[in-house]
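Chemist: Sharing a structure below in structure tokens format, with a few things to ask.
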Amino acid sequence: MPPLRFDTVDTALRAAASWPDSGLTFVDLSERETSLEWAELYVRARRAAGVLRALGVRAGDRVGLVLPTSPGFMDAFFGTLLAGGTPTPLCPPVRWGQLREYHAVTARMLRTIGARLVLTDRRLHKVLGQTIESAGLDLTCHTADVLESERDGELDERARADQIGLIQFSSGSTTDAKAVALSHGQLMAQCAALTALMPAQDETTHVGASWLPLYHDMGLVGCLLTAVYYGHSRLVLIPPEHFAARPGLWLRAISRHQAVVAPAPNFAYGMCLKRVRDEEMVGVDLSCWRYALNGAETVSLDVMRRFGERFSRWGLSPNALMPVYGLAEAALAVTFSSSTEALLGIAVDPVTLATTGDVVPGRREVASVGPPVPGFEVEVRDEHGTVLTERRAGRIFVRGPSVMIGYYDDDEATTRALVDGWLDTGDLGFVADGQLYVTGRVKDLVVIRGANHTCQEFEECLEGIAGVRSGCAVALGYAPPGAEGEQLLILAERAPGRDPASDPALIEQIRAAVLGRTAIRPHTVHILRMRSLPRTSSGKVRRAEALRRFIEGELVIARQPLAEMG
Amino acid sequence: MGLSDADVLAEIQKIVAAQLDFKSELKLDDELIADLELDSLALVTLAVAVEDHFKIALPEDGPRRPRTVADLCRLVRGQVRDTS
């Protein structure tokens, strides 16, 4: 277990503030840059803490943050910490999306943590005001610019290692997200492990580049808090919405600042392949990029290999491509690719894997996400809790110094997830030659661009559609050949008496319903004959089996000429 | 001198083709979500690309959000007029 240099986030920040030429660099869409050194960030945070105290934030209070990547986010986040509070970054609304779901989900989160107040920016202030008002929540909403006021003096509280330093909403699913409570000690243990895996070189500044949202663990803990922990560091930050519009910004920033580390989920590597033009890469040098980490969703070896091949032209080393695995409940990383071995994969037979759990050669290639992070242990267990040997698939359990305190305000869920310090990840996989391979999720979530959606979330959208047999539609995640990562598949049984000739219209209705309510576009929608979906004895659809049959071509998709009888 | 609806539509058509891989012809009454099937990633990409192209700031959310292509054109014309 790597020793901790700091036992709390604020201690790490005070140490970082003493490093010259270290801190954050924000990059905008036109590649103009503004810097915020740690020393200045620390001053601003103390001031912000004074304002927050004046606004009513007391030690232990939770503060909701709905802010874009910006200096204002830093004021809010570190200001909350220095006021003795617990920052809880939340996802902002989908730009131009429908807000009804957003209000409900966000209000639920704010209620769960018992937020004292919400900090947001001018553009979102009205929306958050509506969220709070429509839910009848008793809390105030302020814009982050109030934190710049000097009227309220400064605060510089010192946290304890066992105090909650961060609450992160995790993916159980986007609609059922749980509040992961992490102590300062747990956060620092994660940073210690990451800095041990990616040691700073000599006296040089450790440089990272990230476009990741700061309400997600990979960006917040993996990039921001870890950069603070390094101290002698530079973290280049691109707002996620700018990466979406111009993925090339990220690669150019890595080159311009000679970043050593830049993590992203699999879909981002695919986006770079598809949308970054050669012209944008003129003069770009990626040879500095030692740690091209891929985590937060299923790793596609195909995407990584193509990314490595294309960008080798600009100096990217194939050894830089490193899948990693982790979860918010462990603060972030649990396994991390070995730096001496390039992308590892094992081709397994999916049917055997699904039925007996044995790993035997076949055509489904699964990527290694590496051995456990220093200080961590990983076990694969069967449904009875028996530890399995290598090459036997089962449920992944982990234990280590950054595993959470628990879910805030949900003791029952905590008891289910944490047993004797072992965390049930909810993921399925196997170990081979000391490396972990993740094969799926126990609860059948659909992970789209790193967000864990439940199947139910999509299926609910189909309830009101007359052409779909009630309760007979299933949403699944699958990776179609040639697609960049996991996509949404909808299989729906036709309602009795419906003419198969109207299937195209029904498919359009389904697409519109799902997209309208979830802002996710289904990749594939198929209408099935009644009673096509496999079910359990109690009538529940067997998802894994349905997916397997779909992939194997065993589900009859073609239109049925015979009349359907109810 | 201002931008006509046709000018704005032509520019947005180019943006949508370049950034979102969308080659069909846009109609003014096309709904962004219902007809063009823009998901959350496409919506934010479009918003940022349009703002960057015209050098304007478009409203974030709420009742003023653009639902149709016509809404978007009108918003753009309004902002461009304000800043010119």
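Chemist: Just to be sure I understand, how many residues within the stretch B:33-42 are assigned to a loop (DSSP other than H, G, I, E, B), more than 7 Å from chain A (Cβ to nearest Cβ) and either touching a Leu at 6+ places or on another chain (Cβ under 6 Å) or not aliphatic (A, V, I, L, M) (or both)? Steps first, please.
Modeler: Initial filter on the stretch B:33-42 (assigned to a loop (DSSP other than H, G, I, E, B)): B:33-39.
With more than 7 Å from chain A (Cβ to nearest Cβ) added as a condition, the list becomes B:35-36, B:38.
Filter once more, keeping what is either touching a Leu at 6+ places or on another chain (Cβ under 6 Å) or not aliphatic (A, V, I, L, M) (or both): B:35, B:38.
Counting residues in the stretch B:33-42 that are assigned to a loop (DSSP other than H, G, I, E, B), more than 7 Å from chain A (Cβ to nearest Cβ) and either touching a Leu at 6+ places or on another chain (Cβ under 6 Å) or not aliphatic (A, V, I, L, M) (or both) gives 2.
Chemist: Name every residue in the stretch A:290-334 that is of a type in the set (Gly, Ala, Ser) and either touching a His at 6+ places or on another chain (Cβ under 6 Å) or surrounded by 19 or more Cβ atoms within 10 Å (Cβ to Cβ) (or both), in order of residue number. Let's see the steps before the verdict.
Modeler: Within the stretch A:290-334, the subset of a type in the set (Gly, Ala, Ser) is A:292, A:295-296, A:300, A:308, A:312, A:315, A:317, A:320, A:326, A:328, A:330-331, A:333.
Result: A:Ala292, A:Gly295, A:Ala296, A:Ser300, A:Gly308, A:Ala320, A:Gly326, A:Ala328, A:Ala330, A:Ala331, A:Ala333.
Chemist: Would you check which residues across the stretch B:43-58 are within 10 Å of another protein chain (Cβ to nearest Cβ), hydrophobic (A, V, I, L, M, F, W, C) and part of a helix (DSSP H, G or I) and list them?
Modeler: Hits for the stretch B:43-58 are B:Leu43, B:Val44, B:Leu46, B:Ala47, B:Val48, B:Ala49, B:Val50.
Chemist: Here is a further query. I'd like to know if the stretch A:131-152 contains one or more residues that are within 14 Å of another protein chain (Cβ to nearest Cβ), under 20 Å from A:Leu214 (Cα atoms) and surrounded by fewer than 23 Cβ atoms within 10 Å (Cβ to Cβ).
Modeler: yes
Chemist: Here's another thing I want to ask about it. Report yes if A:Ala200 is without any contact (Cβ under 8 Å) to a residue 40 or more places away in the chain, touching a Phe, Trp or Tyr at 6+ places or on another chain (Cβ under 8 Å) and surrounded by fewer than 20 Cβ atoms within 10 Å (Cβ to Cβ), otherwise no. Even if it seems obvious, please write down each step before you answer.
Modeler: Numbers: without any contact (Cβ under 8 Å) to a residue 40 or more places away in the chain: yes; touching a Phe, Trp or Tyr at 6+ places or on another chain (Cβ under 8 Å): yes; surrounded by fewer than 20 Cβ atoms within 10 Å (Cβ to Cβ): yes.
Yes.
Chemist: When you scan the stretch A:254-269, do you find a residue that is under 19 Å from A:Val369 (Cβ atoms), part of a loop (DSSP other than H, G, I, E, B) and either touching a residue at least 40 places away in the same chain (Cβ under 8 Å) or aliphatic (A, V, I, L, M) (or both), even just one? Walk me through how you get there before you give the answer.
Modeler: Residues of the stretch A:254-269 under 19 Å from A:Val369 (Cβ atoms): A:261-269.
Then drop every residue that is not part of a loop (DSSP other than H, G, I, E, B), which leaves A:265.
Adding the requirement that they be either touching a residue at least 40 places away in the same chain (Cβ under 8 Å) or aliphatic (A, V, I, L, M) (or both) leaves A:265.
The answer is yes; a qualifying residue exists.
Chemist: If you take the residues in the stretch A:81-112 that are of a type outside the set (S, T, N, Q) and closer than 22 Å to A:Gly50 by Cα, which one is nearest to the other protein chains (Cβ to nearest Cβ)?
Modeler: A:Pro89
Chemist: Let me ask you something else. What do you reckon, is A:Ser287 small (Gly, Ala, Ser), surrounded by fewer than 19 Cβ atoms within 10 Å (Cβ to Cβ) and not in a loop (DSSP other than H, G, I, E, B)?
Modeler: Details: small (Gly, Ala, Ser): yes; surrounded by fewer than 19 Cβ atoms within 10 Å (Cβ to Cβ): yes; not in a loop (DSSP other than H, G, I, E, B): no.
In short, no.
Chemist: Of the residues A:Val419, A:Val442, only one is without any contact (Cβ under 8 Å) to a residue 60 or more places away in the chain and under 28 Å from A:Gly345 (Cβ atoms); which?
Modeler: Values: A:Val419 fails: under 28 Å from A:Gly345 (Cβ atoms).
Sole residue among the options that is without any contact (Cβ under 8 Å) to a residue 60 or more places away in the chain and under 28 Å from A:Gly345 (Cβ atoms): A:Val442.
Chemist: Considering only residues that are within 13 Å of A:Phe430 (Cβ to Cβ) and at pLDDT 90 or above, which ones fall in the stretch A:348-365?
Modeler: A:Asp358, A:Val359, A:Val360
Chemist: Within the bounds of the stretch A:332-345, is there any residue that is of a type in the set (A, V, I, L, M, F, W, C) and part of a helix (DSSP H, G or I)? Steps first, please.
Modeler: Of all residues in the stretch A:332-345, those of a type in the set (A, V, I, L, M, F, W, C) come to A:332-334, A:336, A:342-344.
Subset that is part of a helix (DSSP H, G or I): none.
No, there is no match, as no residue in the stretch A:332-345 is of a type in the set (A, V, I, L, M, F, W, C) and part of a helix (DSSP H, G or I).
The values are calculated or read from the model by the stated rules, or taken from the named source; none is laboratory data. If you're wondering where the values come from, they're calculated on a predicted model, not measured in any experiment. In this analysis, Cβ positions are derived from the backbone assuming ideal geometry, glycine residues included, and neighbour counts consider all displayed protein chains.
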